[in-house]
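Below: the structure, in structure tokens.
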Amino acid sequence: MGRVLAFLVIVAVGVVLVYAGFGLPAFGDPNAPASTHVSDAYIEHAYHDAHTPNFVTVMIADYRSFDTLGESIVVFTAGLACFLLLRSERRRKRQGGGQQT
Amino acid sequence: MIRPKETIITDHVVRVMVPFIQIFAFYVIFHGHYSPGGGFQGGALLAGSVLLQRVVLGAERSQIGFPTRLGIPFGALGILIYAGVGFLAMLDGGNYLQYDHLPFGMTPVYLRNTGILLVEIGVAFAVTGTLVSIYDDLVNFERRDDQAEMHSAGSREDA
């Protein structure tokens, strides 16, 4: 029963997502809102604002630096999770070995 | 257990290659203003140079280059550099991560330029520390597992 319910929920959410996907602007559409406001402003002002010819760097590290801060924190959190998980596994193994002897 | 194979060829190839990989990594980080690249890519290259030593020279001999215990602190230092640049900008009355308020006494345009560079260095540190730390976790896990097996086998013989 629970499985059937979960399957129905997944199908319903999938249908909603696909339906919503049709409302997105086409890939590379020059009239999409993202292409008419932000992208142009970034490309026009990047060199003037930060004297950096590579405007991708300016976007990543200046205009969207909050985003990049979050990204690097995500990377670091992944490493921390590996560290904690594997280390606790090791400790459990060692304790188990101690009980056997 | 994975043992390093003591072959003079791989040893010397690694010794020649690692400095060049590291120089290229710093080039990618510091030249990110002018060409494709930046903190993530340069950090991955730096981590690659360390992992090459780990794989070829073995875990013990490559500790001189980058000790295992420094992995997580190195990553945390990178995040701290990034967040610290944000707070430095707040000291001068700007918003968080508003680089033109960094207290370095340059024109706002060059302050933003410098802020981008500092932030990229922080990202590179974070990526390097994290990648090396993940590799060391996996390898140490395996080795500890092996030792535990050997230990239990020895105790069984004792009994």
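Descriptive notes on the structure:
- Which numbered condition B:PRO67 fails, given (1) surrounded by 15 or more Cβ atoms within 10 Å (Cβ to Cβ); (2) within 22 Å of the chain's Cα centre (by Cα): (1)
- Test result for B:ILE121, outside any loop (DSSP other than H, G, I, E, B), more than 9 Å from chain A (Cβ to nearest Cβ) and modelled with pLDDT of 90 or more: yes
- Residues in segment B:70-109 that are without any contact (Cβ under 8 Å) to a residue 60 or more places away in the chain and among the β-branched types (Val, Ile, Thr) were compared, and the one that is surrounded by the most Cβ atoms within 10 Å (Cβ to Cβ) is B:VAL85.
- Checking each residue in segment B:32-80 for being away from chain A (no Cβ under 11 Å), of a type in the set (A, V, I, L, M, F, W, C) and under 22 Å from A:ARG87 (Cα atoms) picks out B:VAL50, B:LEU51, B:VAL55, B:ALA59, B:PHE66, B:LEU70.
The values are calculated or read from the model by the stated rules, or taken from the named source; none is laboratory data. Only a predicted model underlies this, so the values are computations on that prediction, with no experimental measurement involved. Note: ideal-geometry Cβ built from the backbone for every residue, glycine included; neighbour counts use all protein chains shown.
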